[in-house]
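Here the structure is laid out as structure tokens; the discussion comes afterwards.
The values are calculated or read from the model by the stated rules, or taken from the named source; none is laboratory data. Bear in mind that the values here come from a model prediction, so they are computed numbers and not experimental data. Quick reminder, even Gly has a Cβ in these numbers, built from the backbone with ideal geometry, and neighbours come from all protein chains shown. Surface accessibility is based on the protein's heavy atoms, side chains included, excluding ligands, DNA and RNA. Shrake-Rupley method; radii C 1.70, N 1.55, O 1.52, S 1.80 Å.
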Amino acid sequence: MGRVGVLLLNLGGPDKLEDVGPFLYNLFSDPEIIRLPFRWMQKPLAWFIATRRKKTSQANYKHIGGGSPLRRITEEQGEALKAQLGAMGKEANIYVGMRYWHPYTEEAIALLTQDNIESLVILPLYPQFSISTSGSSFRLLDRLWQENPKLQPLEYTVIPSWYKEPGYLQAMAELIIQQLNQYPNPDEVHIFFSAHGVPKSYVEEAGDPYQQEIEECTALIMQTLNRPNPHTLAYQSRVGPVEWLQPYTEDALKALGAQGVKDLVVVPISFVSEHIETLQEIDIEYREIAEEAGIHNFRRAAAPNTHPVFIKALADLVIDSLERPSLKLSQVTQMKKRVKMYPQEQWEWGLTTSAEVWNGRIAMLGFIALIIELVTGQGLLHMIGLLQ
Ligand SMILES: C=CC1=C(C)c2cc3[nH]c(cc4nc(cc5[nH]c(cc1n2)c(C)c5CCC(=O)O)C(CCC(=O)O)=C4C)c(C)c3C=C
Ligand SMILES: [Fe+2]
């Protein structure tokens, strides 16, 4: 086997406050993040939402030091993985490819083609698969592969999701135990798993396996933990007016407070690094909600970051994947026939000519209404609270 490379995929985050606007624009321009019936609406809507959200988002990043730690932590994970692989007799170059900020996936691909990598493992740093995360990165890579002839001879394999990996489950259990042990009665503490949400339609209409993988992962962590603690799973970080996976973290915290729960350990379950949604949303916003609800003792398990058991799990995943038959991007992007990923598929309403015409008219009216609302400051989006 020739020179080995590992491509770590993640979402990316703004390094400083000025990056927040363009980062949000990149994120909302992705059809896997906002699923629209018409592609022409994507960029204007992305600009509009990014512009509206920028101030609030910047204020949140200000609370955590003015930028996301995601790049630094992902690079540290890469260094630790390289060292672990070396210790296991497998020399490899590690590359970091972010979806919406530097170092972009395209930059990582340029580097690994320069380095003449002959065998590549594509490893998303999301334990569970979602259309909106790993799926989006796989779509992008699939396109890059089709466009770049230099990538054709490169042998590669993809790891679509890995939430069942025993070392990952063990690291999560250890991180939870660290926090449980801070309490006088560790077995009575309520364990609260908080996963990043996705719109409900992703699961129910598009067939995203995310919710099922999150639920299974929660059960496996509890099994690995092997303690009698009660536990809850809820979904955080909802954006926009549509319904997301439920229960929402804020509602579940209030319900537990009303039931008299006093001691809590929150476990961020869909992230493997600290970032805005752990450091700001959980540690500041949800803590406040919990305390108001009467949950006086609020602790959070750290994200796995560079925990040695977690890094060993990543190394095991890489080595196992090199020994197995390879899995191609076309296989993971079409993993389930039911999984719809924009922009590749036709909107069902557009299957007949007259429906297509009506879709166009309705969308045009919607867009005009949006412009009027932006100018006048009044309209439906203000009424439902999406705009202030
Ligand atoms: C498994 C993890 C994640 C899923 C699923 C996910 C879906 C998802 N996210 C948004 C909207 C936003 N996400 C933002 C930041 C962000 N999200 C994740 C992870 C998942 N997102 C990460 C790792 C980050 C980066 C955090 C950082 O430290 O910078 C943001 C920007 C932050 C903010 O303004 O709140 C938005 C917006 C949607 C719409 C979505 C599913 C459709
Ligand atoms: Fe997100």
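A few points about this structure:
- The set of residues from the range 32-47 being more than 15 Å from ligand 2 (Cβ to nearest atom) and either open to solvent by less than 20 Å² (accessible area, probe 1.4 Å) or touching a residue at least 12 places away in the same chain (Cβ under 8 Å) (or both) comprises Leu36, Pro37, Phe38, Arg39, Met41, Gln42, Lys43, Pro44, Leu45, Trp47.
- Scan of the range 284-311 for residues that are more than 16 Å from ligand 1 (Cβ to nearest atom), among the hydroxyl-bearing types (Ser, Thr, Tyr) and buried (at least 19 other Cβ atoms within 10 Å of the Cβ), ordered by number: none
- Of the candidates Thr51, Thr74, the single residue that is out of contact with any Lys or Arg (no Cβ under 6 Å at 6 or more places or on another chain), β-branched (Val, Ile, Thr) and within 19 Å of Pro308 (Cα to Cα) is Thr74.
- Considering residues of the range 205-225 that are among the β-branched types (Val, Ile, Thr) and free of Cβ contacts under 8 Å to residues at least 60 places away in the same chain only, the residue farthest from Gln170 (Cα to Cα): Thr218
- Scanning the range 258-283 for residues that are open to solvent by less than 10 Å² (accessible area, probe 1.4 Å) and away from ligand 2 (no atom under 16 Å from the Cβ) turns up Leu264, Val265, Val266, Val267.
- Selection of the range 248-257 for residues being under 28 Å from Ile73 (Cβ atoms) and either small (Gly, Ala, Ser) or open to solvent by 30 Å² or more (accessible area, probe 1.4 Å) (or both) yields Glu250, Ala252.
- Considering Ser137, Ser130, the condition of being closer than 24 Å to Ile319 by Cβ, open to solvent by less than 10 Å² (accessible area, probe 1.4 Å), touching a helix residue (DSSP H, G or I) at 6+ places or on another chain (Cβ under 9 Å) and small (Gly, Ala, Ser) is satisfied by Ser137 alone.
- Leu151 vs. criteria among the aliphatic types (A, V, I, L, M), over 28 Å from Glu285 (Cβ atoms), touching a Phe, Trp or Tyr at 6+ places or on another chain (Cβ under 7 Å) and in the same structural domain as Asn116 (by the TED database): yes
- Residue match in the range 258-280 (condition: free of Cβ contacts under 8 Å to residues at least 60 places away in the same chain and small (Gly, Ala, Ser)): yes
- Pick from the range 223-247, criterion more than 15 Å from ligand 2 (Cβ to nearest atom) and crowded, with 18+ Cβ neighbours inside 10 Å, ranking: farthest from Val267 (Cα to Cα): Leu225
- Check on Tyr100, in contact with a Leu (Cβ under 9 Å, 6 or more places away or on another chain) and part of a helix (DSSP H, G or I): no
- Close pairs (8 angstrom Cβ cut-off, 6 or more residues apart or separate chains): farther than 13 Å from Leu225 by Cα and assigned to a helix (DSSP H, G or I) in the range 178-204, more than 14 Å from ligand 1 (Cβ to nearest atom) and open to solvent by 20 Å² or more (accessible area, probe 1.4 Å) anywhere: Glu188/Asp263; Lys200/Gln246
- 2 or more residues closer than 30 Å to Ala315 by Cα and basic (Lys, Arg): qualifying helices (runs of 4 or more DSSP H) within the range 1-88: 70-87
- Comparison of Ala50, Ala92 shows that the only residue that is assigned by the TED database to the domain that holds Phe28, at pLDDT 95 or above, surrounded by 16 or more Cβ atoms within 10 Å (Cβ to Cβ) and farther than 20 Å from Leu11 by Cβ is Ala92.
- Of residues in the range 237-257 being of a type in the set (Asp, Glu) and free of Cβ contacts under 8 Å to residues at least 40 places away in the same chain, the one nearest to ligand 1 (Cβ to nearest atom): Glu250
- Of the residues making up the range 1-45, those that are more than 25 Å from Leu125 (Cα to Cα) and of a type outside the set (Lys, Arg) number 9.
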